[in-house]
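Undergrad: Quick one: this structure, given as structure tokens, is what I'll be asking you about.
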Amino acid sequence: MNSLKLELKQELNEIVNKRNKWLLCSFEISRYLVKSDNSILIPPGNVWISTLKAYPSYIYNLLKLLYFLVKQLFSIEKTSFHKKSTHILLSTGYGYDLKNYRKFFLDNNVELILLEAFDTSQFTNYNIVKIKSAFSFFLANLKEANSLLRLKLPLDLRKKIVNQSLPQLATYTYFCAFLSAIKEKIPNVKIFHSGAYLLSIAATRAGIETVYLYHGLIGPVGRASFPFNNQIYVYAVEEQSYLEDISPNSNVCLYPTKELSRLEKRVVIFLRLYDRDMSEENLSELLTIFLKKEYQIFLKKHPNYKGDLADKLVSKYNLEIADLQEDASGIVLNLQPSFTVGWMSTALCESLLHGVVPISLSEKEEINWTDQHGWNYFIYPIKKRTFSWKEEKGRIFELLADFSLYGATVSELRTR
């Protein structure tokens with residue numbers, strides 16, 4: 001009897017589809033699913049009374065949708081899309097997504113439309129959403145919400161949907177109507193994004209091809225939360241393998257990389273955003289050792305860096321500042337360093353891909369960083385793929401003493 005009841009239960013992953021995925025795309029729900037090992041079993045039957053708690057949110061979102069529709073009518077910019085505009089980049093900040101797009105996907109015959117993913121006013125400015133379409137999507141999305149909430153979901157998951165996903169109903173609905181209008185005007189449109197989950201799900205709902213341009217070291221994601229994407233680009237093979245399992249219908253690709261054929265006697269240090277997250281003592285020790293070996297040292301500031309440690313180090317050790325406009329890969333290719341230094345950074349992953357030995361200044365506790373629930377933050381095994389300044393300093397000294405070991409060392413880091 002117990003085995004029969006178990007068989008009647010349905011996996012959450014089997015219930016989620018392109019129409020209701022938006023209800024599970026929040027970061028907290030993704031964390032919850034990872035904590036549950038992506039295995040949520042839903043018993044048969046319905047819970048009708050629980051949907052009543054969602055009604056105030058439905059009313060609020062209806063009013064919010066009306067606000068969006070009225071706002072677009074009074075938009076100052078009466079912008080229209082041209083037929084040749086086929087790529088839309090949904091930027092999520094810092095400009096990494098635009099740089100990756102320009103490096104790998106820029107086509108002079110294609111017009112690029114750049115939109116800030118988390119600024120809804122950028123969408124209402126276009127004044128293209130039809131009222132009938134918006135309300136049609138609203139009713140359909142509301143129906144999906146009701147259907148999901150009637151299931152016998154775990155209480156914690158139900159609360160997260162009501163408190164985090166339902167407040168996005170109006171915004172998601174407007175995105176669906178907006179992108180459907182785009183699809184109607186430009187049938188071959190393609191969406192590029194670097195983490196705009198809600199918009200990506202709306203694009204898929206509208207039948208638009210989506211390309212996910214990852215930046216940064218990726219962590220575990222909830223299978224039911226992760227958007228459907230036609231293509232996904234990542235840096236590391238470990239991340240590629242992981243996402244191929246999480247999103248089997250997506251074409252997961254590695255960013256193209258070029259291995260350096262020549263290395264200079266240079267070091268590039270990729271600084272963190274805040275001074276408080278960097279040890280001046282460790283940096284000074286590292287700088288002293290490399291300067292004694294007559295290495296030219298460059299500091300690369302984080303795009304939003306506001307501290308004073310960088311200027312202090314530049315003045316004290318007569319260092320140089322790397323091009324602030326270049327990304328990590330561009331700096332490595334241009335400066336051709338023998339070593340790069342950083343913390344929990346994509347720059348260290350990219351360096352090894354280019355054939356440069358990366359050195360990690362992260363503390364042991366940070367490399368093995370997990371939250372209170374045991375959540376491991378990174379798929380990429382950064383501890384294995386870098387030399388720890390704290391634990392493997394001897395290996396770095398060996399290289400400085402005998403550079404003929406360099407090629408074998410890079411191979412070791414790539415496979416250990």
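The values are calculated or read from the model by the stated rules, or taken from the named source; none is laboratory data. Because the structure is a prediction, the values reported are computed rather than measured. Using ideal geometry, Cβ is built from the backbone for each residue, glycine included, and neighbour counts are taken over all protein chains shown.
Undergrad: State all residues of the range 310-332 that are closer than 27 Å to His215 by Cα and of a type in the set (S, T, N, Q); if no residue qualifies, say none.
TA: Those that are closer than 27 Å to His215 by Cα and of a type in the set (S, T, N, Q): Gln325, Ser329.
Undergrad: Taking the criterion of being in a helix (DSSP H, G or I) and on the phi < 0 side of the Ramachandran plot, would at least one residue in the range 108-117 satisfy it?
TA: no
Undergrad: Taking the range 315-332 as the search range and keeping residues that are surrounded by 15 or more Cβ atoms within 10 Å (Cβ to Cβ) and of a type outside the set (D, E, K, R), which one is nearest to Tyr255 (Cα to Cα)?
TA: Step one: list which residues in the range 315-332 are surrounded by 15 or more Cβ atoms within 10 Å (Cβ to Cβ), which gives 317, 319, 322, 326-332.
Filter once more, so that each one left must be of a type outside the set (D, E, K, R): 317, 319, 322, 328-332.
On the way: Tyr317: 35, Leu319: 31, Ala322: 23, Ala328: 13, Ser329: 11, Gly330: 13, Ile331: 16, Val332: 15 Å.
Here the answer is Ser329.
Undergrad: Considering the range 360-383 alone, what residues qualify as being more than 20 Å from His215 (Cα to Cα), out of contact with any helix residue (DSSP H, G or I) (no Cβ under 6 Å at 6 or more places or on another chain) and modelled with pLDDT of 90 or more?
TA: none
Undergrad: So Glu144 passes all but one of these: (1) at pLDDT 90 or above; (2) buried (at least 16 other Cβ atoms within 10 Å of the Cβ); (3) within 18 Å of Lys183 (Cβ to Cβ). Which condition number does it fail?
TA: Result: Glu144 fails condition (3) only.
Undergrad: While we're looking at this one, here's another question. Going through the range 255-309 one residue at a time, which ones are modelled with pLDDT of 95 or more and of a type in the set (Phe, Trp, Tyr)?
TA: Selection gives Phe270, Phe290, Tyr295, Phe298.
Undergrad: Could you tell me whether any residue of the range 147-161 is of a type in the set (Asp, Glu) and either part of a helix (DSSP H, G or I) or closer than 22 Å to Ile42 by Cβ (or both)?
TA: Looking through the range 147-161, at least one residue is of a type in the set (Asp, Glu) and either part of a helix (DSSP H, G or I) or closer than 22 Å to Ile42 by Cβ (or both).
Undergrad: Can you tell me how many residues within the range 154-198 are more than 23 Å from Ile131 (Cα to Cα), in contact (Cβ under 8 Å) with a residue 60 or more places away in the chain and surrounded by fewer than 16 Cβ atoms within 10 Å (Cβ to Cβ)?
TA: Residues flagged as more than 23 Å from Ile131 (Cα to Cα), in contact (Cβ under 8 Å) with a residue 60 or more places away in the chain and surrounded by fewer than 16 Cβ atoms within 10 Å (Cβ to Cβ) within the range 154-198 amount to 3.
Undergrad: Additional query: Would you pick out the residues in the range 99-119 that are under 23 Å from Asn304 (Cβ atoms) and either crowded, with 17+ Cβ neighbours inside 10 Å or of a type in the set (Asp, Glu) (or both)?
TA: Once the filter is applied, which keeps residues that are under 23 Å from Asn304 (Cβ atoms) and either crowded, with 17+ Cβ neighbours inside 10 Å or of a type in the set (Asp, Glu) (or both), the range 99-119 yields Lys99, Asn100, Tyr101, Leu115, Glu116, Ala117, Asp119.
Undergrad: When you scan the range 334-346, how many residues do you find that are modelled with pLDDT of 95 or more and surrounded by 16 or more Cβ atoms within 10 Å (Cβ to Cβ)?
TA: Here the count works out to 8.
Undergrad: Residues in the range 340-352: is at least one closer than 23 Å to Tyr101 by Cα and either aromatic (Phe, Trp, Tyr) or assigned to a loop (DSSP other than H, G, I, E, B) (or both)?
TA: Yes; the residues of the range 340-352 include at least one that is closer than 23 Å to Tyr101 by Cα and either aromatic (Phe, Trp, Tyr) or assigned to a loop (DSSP other than H, G, I, E, B) (or both).
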